[in-house]
Each structure stands twice: as C-alpha cells, then as structure tokens.
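Have a look at the structure below, then the notes.
Each reported figure results from applying straightforward, stated rules to the coordinates on display, with no laboratory input. As the structure is a prediction and not an experimental result, all values here were calculated from the model. Cβ placement follows ideal geometry from the backbone for every residue including glycine, while neighbour counts extend to all protein chains displayed.
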Amino acid sequence: MTPNDTDTARPSQPSLADRSQRIVESRDLFRGDSEILISHDGAIYRMRITRQGKLILNK
C-alpha cells in the first residue's frame, strides 16, 4: 500500500458466491433514465445517477 492508498482505500466487496442477498442491476431499475422515484413506507425518494456514475438517494 502506498501512502496515498489509505485516503481512497475501500473495503473489499464479497464475491458473488459469498452473497446471500439479492443483487439488482441499476440498469434494470433506471432503464436508460438517470433518475427514478422510489415509494417506501408512504414516502417518495428520488434516486439519481450523477455525471460521475455515482448513485444519490434523497427524500
């Protein structure tokens, strides 16, 4: 590890074989759009894909 790696180090993600949770592809949720609305427990949430390809969820 170089000194700068500690700033950007991320925990390793388990392999697909290690996961017991369902995986949903973001492209299946967004279907070509960059923003979707999610209804959860009576509230509406907005999820969007940023220009950098990150996901942002807001209430």
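Within the set of other residues whose C-beta is less than 15 Å from the C-beta of Leu29, count the net charge using Lys and Arg as +1 and Asp and Glu as -1.
With Lys, Arg at +1 and Asp, Glu at -1, the net is +2.
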- Query: Can you give the net charge of the other residues whose Cβ lies under 14 Å from the Cβ of Ser39, counting K and R as +1 and D and E as -1?
  - Reply: +1
